[in-house]
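Peer 1: My questions all concern the structure below.
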Amino acid sequence: MTVTHTTGTESTDTIDTNVTVRAGDWVDTGPGLDDLIGNYRMQIPTDRYVSADYAAREREAVWMRTWQVAGRLDEIPDSGDWKQYSIYDQSFLIVRGRDGVVRGFVNACRHRGNVLCRDNTGNTARFVCPYHLWSYDLEGSLRGVARPDLVGDLDKEQHGLLAVAVDSFAGFVFLNPDPDAVPLAEFLGTDAYELIEAYHLDDMVTVLDVREAVDCNWKIVVDAFQEGYHIQAIHPELLKVIVLDPTTNRFRFWGDHEVAVAPFVVPNATPDDELDGLRQLPNTFPTVTGYLPRLEELAEQHRGDDGQLHYPDGVTGRTLLQQATRETLTDMGFDVDGLTDAQMTDNHGWLLFPNFFMTIRAAEATVITSIPHPDGDPNRCIWHIRSFMWLPEEYRADFRAAPIEVDEPGSYPYFLALQQDYEQMPRQQRGLRNRRIEHISLVHEELSVARFHASLDRHMGEQR
Ligand code: FES
Ligand SMILES: [Fe+2]
């Protein structure tokens, strides 16, 4: 699929609007750091990470008023399936109705306010309040009351469950607690829909789903995934497959959201060394294993009489891996037509404000969200790690992961890079709790962090 791009007023790309391009090209040809730096405040006050007062204001200005990920559509595939989503002490039910439509309701009975569902998930034909047995259908209408003869005048029409805004994007259910919420599509913007379409993320299977309380503010998590500046210290293994050259970073900004890319390259290598480097990739990116057999075949076609690889102009290990990935996925039945060659190898890093971070490339994605801890302590959050893969139908059931709630800190073995981040984040929070540190200072490479905080300031009503 290709799309003809028309520029929105907030877009910062430089693409000729008459050219038909794949949406992924918008990012690769987007502006770089030098074009964008200077637009954002780089000194960020620290009270937003540690202050109870800031957290209380943030709760109202951001969390009670913004669209946020509440689950996946495939968690509630059938009529009557429901799940609970909570933010702070606010609890909501997300329900698939008899008509297949997904709706959201406040998780409280309209009689005397009792919590309707205490479990996290279930399937039912009706919600029956355990206190006095009022019952509601899947569309939220009050259907039955116990001992109706004693109830007196009661307009059932006026006592249905309170609706809350829910909608979906790329297979995710989003929810907004605000009764006056703008539509999700307006909040996300057309760029989000056009950029995501070719990945078929709505058709991917959840292969990892872990939630855990972490001793840091939710924004420490969002910040950390938006910069590569900490790679050399925290993830030294990644240096083998990532060039730390911020001048190659490209950005697509719209609204409060963004996609950034740091092209994937094995650094400073002869063709043979590069191929060796690519063979090591599965240590960091396990799914590359599936593309290596075809990569080996493609590379061998360029082996000379001297036993060395000699690529013609325009061919590199990177382009061969892209070709191998495209061909292998096509053989598996995955539609790669709308994806660029770069999207075969390069992870795009998404941030949908406020807390949806995603890294995505052909046939796989990892989404990391963090929300404030329900106890309201700004020094704690809940992070939620979800990975997705596109798989042929016959493998999906076997690979689908059940959700894991980690109760004992440190007991869950995250994959290496994530484990390193998990251990790092509380250390930053501990430092930020020192009262004498009043602001942090971002470097150019942390542009996306600066932009995120500018968006936060806007939502908090604090213009820079
Ligand atoms: S509070 Fe639910 S039926 Fe009374
Ligand atoms: Fe990291």
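Taken together, the values in this text are just the output of simple stated rules run on the coordinates, not laboratory data. No experiment lies behind these values; they were computed from the predicted model shown. Every residue, glycine among them, receives a Cβ derived from its backbone with ideal geometry; neighbour counts consider all protein chains shown.
Peer 1: So, with +1 on the Cβ of K and R and -1 on the Cβ of D and E, and no other charges, what is the size of the charge dipole of the chain about its Cα centre, to the nearest 20 debye? Kindly include the intermediate steps, with their values, before the conclusion.
Peer 2: Working: 41 positive and 74 negative charges, 385 e Å.
I would put it at about 1860 debye.
Peer 1: Under the rule a/c < 1.5 gives rounded, and otherwise a/b versus b/c splits prolate from oblate, where does segment 114-191 land using the Cα gyration tensor? Mind dumping the intermediate values first?
Peer 2: On the way: a/c = 3.42, a/b = 2.08, b/c = 1.64.
Taking the square roots of the gyration eigenvalues as a ≥ b ≥ c, segment 114-191 is prolate.
Peer 1: Read phi for every residue in segment 37-47 and hand back ³J(HN,Hα) as whole Hz from Karplus 6.51 cos²θ - 1.76 cosθ + 1.60, θ = phi - 60°, with x for Gly and Pro.
Peer 2: For segment 37-47, the Karplus curve yields 5, x, 8, 10, 5, 9, 9, 10, x, 8, 4 Hz.
Peer 1: Within 10 Å of each candidate Cβ there may be at most 15 other Cβ atoms; applying that plus a DSSP loop requirement, which GluC sites (Glu not before Pro) in segment 368-457 survive? Don't skip to the end; give the middle numbers.
Peer 2: Details: sites: GLU393, GLU394, GLU405, GLU423, GLU438, GLU445, GLU446; in loops: GLU438.
For GluC sites (Glu not before Pro) across segment 368-457 that sit outside H, G, I, E and B with at most 15 neighbouring Cβ atoms in 10 Å, the list reads GLU438.
Peer 1: Let me ask another. Whole number please: convex hull volume per residue, Cα atoms of segment 125-271, in Å³. Walk me through the numbers on the way to the answer.
Peer 2: On the way: hull volume 31.9 nm³, N = 147.
Spelled out: Cα convex hull of segment 125-271, divided by residues, is 217 Å³.
Peer 1: Considering the options PRO183, ILE368, ASN379, tell which one lies farthest towards the positive end of the dipole of the chain, charges being +1 on Lys and Arg and -1 on Asp and Glu at the Cβ, about the Cα centre.
Peer 2: ASN379
Peer 1: Moving to a separate point now. What is the magnitude of the charge dipole of segment 37-80 about its Cα centre, with +1 placed on the Cβ of each Lys and Arg, -1 on the Cβ of each Asp and Glu, and no other charges, expressed in debye to the nearest 20?
Peer 2: Details: 6 positive and 7 negative charges, 61 e Å.
That gives a dipole near 300 debye.
Peer 1: Rounded to the nearest 0.05, what FRET efficiency do LEU244 and ALA146 give with R0 = 51 Å and r taken as the Cβ-Cβ distance? Could you check? Please list the in-between numbers first.
Peer 2: Values: r = 66 Å, r/R0 = 1.29.
The value I calculate is 0.20.
Peer 1: Between GLU462 and ILE404, what is the spin-label point distance in nm, taking each point 7 Å from the Cα along the Cα→C-beta axis?
Peer 2: Each label point is offset 7 Å from its Cα along the Cβ direction, giving 3.7 nm.
Peer 1: Starting from the amide H of VAL21, placed 1.01 Å from N in the peptide plane, find each other amide H under 5 Å away whose residue is 5 or more places distant or on another chain.
Peer 2: VAL3, HIS5
Peer 1: Quick check: the distance between the Cα centres of segment 273-306 and segment 386-464, to the nearest angstrom?
Peer 2: Measuring centre to centre over Cα atoms gives 31 Å.
Peer 1: Could you give the DSSP H helices of the chain that reach 24 angstrom or more along their long axis (alpha carbon positions) and whose average Kyte-Doolittle hydropathy is no lower than -1.0? Please list the in-between numbers first.
Peer 2: Numbers: long enough: 416-432 (25 Å, -1.28).
Helices meeting the criterion: none.
Peer 1: Per 10 Å bin from zero, what fraction in whole % of the C-alpha pairs of the chain is there, up to the bin with the longest pair?
Peer 2: P(r) over the chain, rounded to whole percents: 4, 18, 28, 26, 15, 7, 2, 1, 0, 0.
Peer 1: Sticking with this structure for a sec: Hey, got a sec? Which trypsin sites (Lys or Arg not before Pro) in segment 89-120 land in a DSSP loop and have at most 13 other Cβ atoms within 10 Å? Working shown, then result.
Peer 2: Numbers: sites: ARG96, ARG98, ARG103, ARG110, ARG112, ARG118; in loops: ARG98, ARG110, ARG112, ARG118.
Answer in residue order: ARG98, ARG112, ARG118.
Peer 1: Once amide H atoms are placed 1.01 Å from N in the peptide plane, what residues at a sequence separation of 5 or more from VAL173, or on another chain, have their amide H within under 5 Å of its amide H?
Peer 2: Here the answer is ALA70, GLY71, ARG72, LEU73, since their amide H atoms fall under 5 Å of that of VAL173.
Peer 1: When averaged across all projection directions, what area in nm² does the alpha-carbon convex hull of segment 94-156 cover?
Peer 2: Details: hull surface 18.0 nm².
Taking the Cα atoms of segment 94-156, their convex hull projects to 4.5 nm² on average.
Peer 1: Moving on to the next point. Using a 7 Å offset from the Cα along the Cα-to-Cβ direction at both VAL182 and TYR311, what is the distance between the two label points in nm, to one decimal?
Peer 2: 4.3
Peer 1: Tell me which cysteines of the chain come out unpaired when the rule is another cysteine's Cβ under 4.7 Å.
Peer 2: Unpaired cysteines in the chain: CYS117, CYS216, CYS381.
Peer 1: Take TYR229, TYR422, TYR49 and order them by how many other Cβ atoms sit within 10 Å, fewest up front. Please list the in-between numbers first.
Peer 2: Numbers: TYR229 17, TYR422 20, TYR49 24.
Going from least to most buried by this count: TYR229, TYR422, TYR49.
Peer 1: Counting other beta carbons within 10 Å of each Cβ, put VAL367, VAL243, VAL50 in order, fewest first. Don't skip to the answer; put the middle values down first.
Peer 2: Working: VAL367 24, VAL243 15, VAL50 18.
Fewest-to-most Cβ neighbours within 10 Å comes out as VAL243, VAL50, VAL367.
Peer 1: In deg cm²/dmol and to the nearest 500, what is the mean residue ellipticity at 222 nm of the chain if only DSSP H runs of at least 4 residues count, each as -39500 (n - 2.57), divided by the residue total? Kindly include the intermediate steps, with their values, before the conclusion.
Peer 2: On the way: 15 runs with 120 residues, N = 464.
Computed ellipticity for the chain at 222 nm equals -7000 deg cm²/dmol.
Peer 1: How large is the dipole of segment 289-331 about the Cα centre if only Lys and Arg carry +1 and Asp and Glu carry -1, each at its Cβ, rounded to the nearest 20 debye?
Peer 2: Values: 4 positive and 8 negative charges, 44 e Å.
For this selection, approximately 220 debye.
Peer 1: Over the chain, what is the percentage of antiparallel beta bridges among all DSSP beta bridges, to the nearest 5?
Peer 2: Numbers: 74 of 77 bridges.
Approximately 95 percent, going by the DSSP bridge assignments.
Peer 1: Check each of the trypsin sites (Lys or Arg not before Pro) in segment 413-443 and keep only those in coil by DSSP with at most 16 other C-beta atoms within 10 angstrom; list them in order. Before the final figure, lay out the partial values.
Peer 2: Working: sites: ARG427, ARG430, ARG433, ARG435, ARG436; in loops: ARG433, ARG435, ARG436.
Within segment 413-443, the qualifying trypsin sites (Lys or Arg not before Pro) (loop, at most 16 other Cβ atoms within 10 Å) are ARG433, ARG435, ARG436.
Peer 1: I want to check the label-to-label distance for GLU60 and GLU297. Put each point 7 Å from Cα in the C-beta direction and report it in nm to one decimal.
Peer 2: 6.4
Peer 1: Could you tell me which residue out of ASN107, LEU133, GLY349 lies farthest along the dipole of the chain toward its positive end? Charges go on the beta carbon: Lys and Arg +1, Asp and Glu -1, centred on the Cα centre.
Peer 2: Positive-most Cα among the choices belongs to LEU133.
Peer 1: Through the Karplus equation 6.51 cos²θ - 1.76 cosθ + 1.60, θ set to phi - 60°, convert the phi angles of segment 398-407 into ³J(HN,Hα) values in whole Hz; use x for Gly and Pro.
Peer 2: Taking θ as phi minus 60°, the curve returns 5, 9, 5, 8, 7, x, 10, 9, 8, 8 Hz for segment 398-407.
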